[in-house]
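Report on the following structure.
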Amino acid sequence: MTIDHSPLFWLEAHGSHHEIGLALGRWGARACQRHLIHSPAWAQVMAHRHDPAVPALRAMLHRHFPWIEQELAGLAEGLGLPPEDVFLWNCRGDLWALAPDGCTTVLAPQRLSHNEDGDPGFAGACGLARIRPIDAPAFVSFLYPGSLPGHTFAVNGAGLAITVNNIRAREARAAGLPRMALTRALLAVQSPPQAIALLQAHPRMGAFHLGIGQPGGAGTFSVEFSQAAVSVQPIRQARRLHANHALHEAQRDLPQIVTESSSRRQARGAAMLDRQADALDILRDTEDGAEPILRLSPADTDQENTLATADIDLSGEQVRWAVYSPGGRQPDYRFDGLRQPPAPPTWRG
């Protein structure tokens, strides 16, 4: 594993799934010991240790994705934390509707643009990782210390691009797979249809919204999954914006929490889309001073801040994409596929 000291750390991890988890744990250990395990969010999730849903979540993971179980075991070892606690933390959105995960995505037919919003205590401690499993496609993903890759934004070696938004679904009635395990599993597939089929084929506990796309496709996809349904809406003409609550008709009966921030970001972003604003301008917007799309306030009402912005161009033969610091005008990282070009490209998504 190698690390540099740009605003977003850069990591390389490869090998078996246990070895990958171990590398990610060693990278994130300091931030987790400094912040995460002392945070109210950690305490809230750890209060679910004896929740009857937890053994069922663990059994589901072991049955369907034992290789993700191996990544979690390596992650816990690298973090120096009990495996049971690390497993719980990676089930946080399945057990607790108000887990501190946010995000805003602008979806266009050949472009996915995304603000990654999360725990502001991790500002300066997050990173991008190029991960090369021995038995699956390589990928580059945004990373939070202590968490599996794949529940943020990522691009894999098949050109599959995924963005992820929190949906604050209330307590589920039956056991399913942890939502972060499902999104980790998506990074091992080759195409949007395979990703959608994987979600449909497995029981689900929590809820997420995904933007999914690939070069050469007819469009991108807005996907909402919950315990009740997997809803898929192709994006082939008009752009759409998605904050942190379910919008699809198929999810109309989903018990969920819609925060003031999510509601107002959704409304403001939709209004900017109507005025044909550029996706990055939307994601940098602070016009709503109380509940802006670009979230930098220490008094954010959901206790979330924007930690990075990704702009993913799917219009060519391969994915070209850039990652910005919050509000930044110049990318911190630029990619052709999974490779960082040796010289700055001239495109802007």
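The values are calculated or read from the model by the stated rules, or taken from the named source; none is laboratory data. Since the model is a prediction, treat every value here as computed from it, not as a measurement. Methodologically, a virtual Cβ is constructed for each residue, glycine included, from the backbone with ideal geometry; neighbour enumeration extends over all protein chains shown. Each accessible area value is taken on the protein alone, full model and side chains, heavy atoms only, with ligands, DNA and RNA left out. Shrake-Rupley method; radii C 1.70, N 1.55, O 1.52, S 1.80 Å.
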Across the range 99-134, what is the number of residues that are over 25 Å from residue 27 (Cβ atoms), in contact with an Asp or Glu (Cβ under 8 Å, 6 or more places away or on another chain) and part of a loop (DSSP other than H, G, I, E, B)? 1
Residue satisfying all of: in the range 291-314; hydrophobic (A, V, I, L, M, F, W, C) and under 16 Å from the mean Cα position of the chain (by Cα); most open to solvent (accessible area, probe 1.4 Å) among these: 307
On the given criteria, is residue 345 surrounded by fewer than 17 Cβ atoms within 10 Å (Cβ to Cβ), in contact with an Asp or Glu (Cβ under 9 Å, 6 or more places away or on another chain) and modelled with pLDDT under 95? yes
Residue hits (the range 193-216; open to solvent by 10 Å² or more (accessible area, probe 1.4 Å), touching a residue at least 12 places away in the same chain (Cβ under 8 Å) and either over 23 Å from residue 69 (Cα atoms) or among the aromatic types (Phe, Trp, Tyr) (or both)) are 214, 215, 216
Taking residue 146, is it of a type outside the set (Asp, Glu) and touching a helix residue (DSSP H, G or I) at 6+ places or on another chain (Cβ under 7 Å)? yes
What number of residues within the range 173-192 are over 22 Å from residue 241 (Cα atoms) and either of a type in the set (D, E, K, R) or open to solvent by 20 Å² or more (accessible area, probe 1.4 Å) (or both)? 7
Within the range 90-109, can one find any residue that is among the hydrophobic types (A, V, I, L, M, F, W, C), modelled with pLDDT of 95 or more, buried (at least 19 other Cβ atoms within 10 Å of the Cβ) and farther than 29 Å from residue 235 by Cβ? yes
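Take residue 223 and tell me if it is part of a strand (DSSP E or B) and open to solvent by less than 10 Å² (accessible area, probe 1.4 Å).
Yes; evaluated as a whole, the condition is true for this residue.
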Residues that are within 27 Å of residue 324 (Cα to Cα) and within 20 Å of the chain's Cα centre (by Cα): which helices (runs of 4 or more DSSP H) entirely in the range 1-89 hold 2 or more of them? 17-34
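One line per residue, one yes/no per condition, for (1) part of a helix (DSSP H, G or I); (2) touching a residue at least 60 places away in the same chain (Cβ under 8 Å):
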| site | (1), (2) |
| --- | --- |
| 241 | no, yes |
| 245 | no, yes |
| 267 | yes, no |
| 292 | no, no |
| 309 | no, yes |
| 327 | no, no |
